[in-house]
Amino acid sequence: MFTLIRTLGLETALARELPPLIAAFLLAELFYKFGSFALECLAFLATWYVLSAIWSLLSKGTGKD
């Protein structure tokens, strides 16, 4: 995350990662009840990664990136 912000700047990094981060957080909060913090954290990070990839593809398709 540090490298992303340093490379792109805070404003651009937030524009790219905030929507998928919020969506991943909401999904994790609503659906991930594994009984283990580590498993829930890994599932959240994997969800954020996938949603970020999808967001990036959609942004490239619309010319926003």
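For segment 34-65, name all the residues that are of a type in the set (S, T, N, Q), free of Cβ contacts under 8 Å to residues at least 40 places away in the same chain and part of a helix (DSSP H, G or I). Before you say what the answer is, go through the steps one by one.
Keep residues of segment 34-65 that are of a type in the set (S, T, N, Q), which gives 36, 47, 52, 56, 59, 62.
So of that shortlist, the ones also free of Cβ contacts under 8 Å to residues at least 40 places away in the same chain come out as 36, 47, 52, 62.
Scanning segment 34-65 gives 47, 52, 62.
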Just for segment 34-54: of the residues that are over 17 Å from residue 16 (Cα atoms), out of contact with any helix residue (DSSP H, G or I) (no Cβ under 6 Å at 6 or more places or on another chain) and of a type outside the set (Ser, Thr, Tyr), which one is surrounded by the fewest Cβ atoms within 10 Å (Cβ to Cβ)? 35
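Just the residues that are part of a helix (DSSP H, G or I) and surrounded by fewer than 13 Cβ atoms within 10 Å (Cβ to Cβ), please, taken from segment 7-33.
We begin by selecting, within segment 7-33, every residue part of a helix (DSSP H, G or I); these are 7-8, 10-31.
7, 10, 11, 18, 22, 26, 29, 30, 31, listed by residue number.
Every number here is computed from the coordinates shown, using simple stated rules; none is lab data. All values reported here derive from a predicted model rather than from experimental measurement. Cβ coordinates were reconstructed from backbone atoms using ideal geometry, including for glycine residues, and neighbour counts include every protein chain displayed.
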